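Below: one structure, written as structure tokens.
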Amino acid sequence: MTQLRDTIRVDPSRFAEPLEKVVLEFARENYEGIIDRDHGLIISVSSVDEIGIGKLIPGDGASYHEVIFTVLAYKPDVKEIIDGEVVETTDFGIFVRLGCIDGLVHLSQVADDFFSYDARQSALIGKESGRLIKTQDKVRARIIAVSLSKSSIRIGLTMRQAGLGLLTWIDEWTEQLEANEE
């Protein structure tokens, strides 16, 4: 959650409506779903916190208000560890749902094994381990690349480090560590 500040134009045809309602509607229409370099993806505008006194500009019947409003935004950070769900498997990797955005784990970043795509099973299969990755699997990954543009956010992920991968793999790895300590 973060606060943003903007000047919002209220058209004269909307003067009879409650000002907070008009400002909130404008903020939602103009901010929700946009990608901002500083804040990432603005998911929703939750509230209008302050509305300044309206100013009139000669030649325009509208009022202009300095407004502060609260938004829910997500900006992925490099090195951030995330939990997600596999939503698609392809011949070049898997797409993982990170809530409101999908990230890509390239084949080379799945694990320390050679993975290939099996179209019949719509899954990735490890050559040496025989491990399978398919849609709806729960995974833990680390963000290794973030690319922001005005229209998209691209996220590169890795699962090749200790403590990352399918959650079932992590459980197996943890059990092995505990068994070795005994």
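A few points about this structure:
- Candidates in the stretch 115-140 are the residues that are among the basic types (Lys, Arg) and surrounded by fewer than 17 Cβ atoms within 10 Å (Cβ to Cβ); of these, the one that is farthest from Ala162 (Cα to Cα) is Arg120.
- Enumeration of residues in the stretch 1-10 that are surrounded by fewer than 18 Cβ atoms within 10 Å (Cβ to Cβ) and part of a strand (DSSP E or B): Thr2, Gln3, Arg5, Asp6, Thr7, Arg9
- Residues (under 19 Å from Asp137 (Cβ atoms) and either free of Cβ contacts under 8 Å to residues at least 60 places away in the same chain or touching a Pro at 6+ places or on another chain (Cβ under 6 Å) (or both)) located in the stretch 164-182: Gly165, Leu166, Thr168, Trp169, Ile170, Asp171, Glu172, Trp173, Thr174, Glu175
- Residue count for the stretch 36-55 under the criterion of being in a strand (DSSP E or B) and at pLDDT 90 or above: the result is 12.
- So Gly54, is it of a type outside the set (S, T, N, Q), surrounded by 14 or more Cβ atoms within 10 Å (Cβ to Cβ) and touching a Leu at 6+ places or on another chain (Cβ under 9 Å): yes
- Residues that are outside the structural domain of Gly40 (by TED's automatic domain parsing), among the small types (Gly, Ala, Ser) and within 18 Å of Leu41 (Cα to Cα) number at least 2 in the following strands (runs of 3 or more DSSP E) confined to the stretch 85-166: 138-148.
- The lone criterion from (1) assigned to a helix (DSSP H, G or I); (2) among the hydroxyl-bearing types (Ser, Thr, Tyr); (3) under 30 Å from Asp102 (Cα atoms) left unmet by Ser13 is number (3).
- For the stretch 31-51, the set of residues classified as in contact (Cβ under 8 Å) with a residue 40 or more places away in the chain, in contact with a Ser or Thr (Cβ under 9 Å, 6 or more places away or on another chain) and buried (at least 16 other Cβ atoms within 10 Å of the Cβ) consists of Tyr31, Ile35, listed by residue number.
- Condition met for Ile53 (under 26 Å from Leu166 (Cβ atoms) and either assigned by TED's automatic domain parsing to the domain that holds Ile8 or of a type outside the set (Phe, Trp, Tyr) (or both)): no
- Single residue of the stretch 11-29 satisfying the filter (free of Cβ contacts under 8 Å to residues at least 24 places away in the same chain and within 32 Å of the chain's Cα centre (by Cα)) that is surrounded by the most Cβ atoms within 10 Å (Cβ to Cβ): Phe26
- For the condition more than 30 Å from the chain's Cα centre (by Cα), touching a residue at least 24 places away in the same chain (Cβ under 8 Å) and not assigned by TED's automatic domain parsing to the domain that holds Arg142, Gly61 qualifies.
The values are calculated or read from the model by the stated rules, or taken from the named source; none is laboratory data. Since we're looking at a predicted model, the values are computed, not measured. Cβ coordinates were reconstructed from backbone atoms using ideal geometry, including for glycine residues, and neighbour counts include every protein chain displayed.
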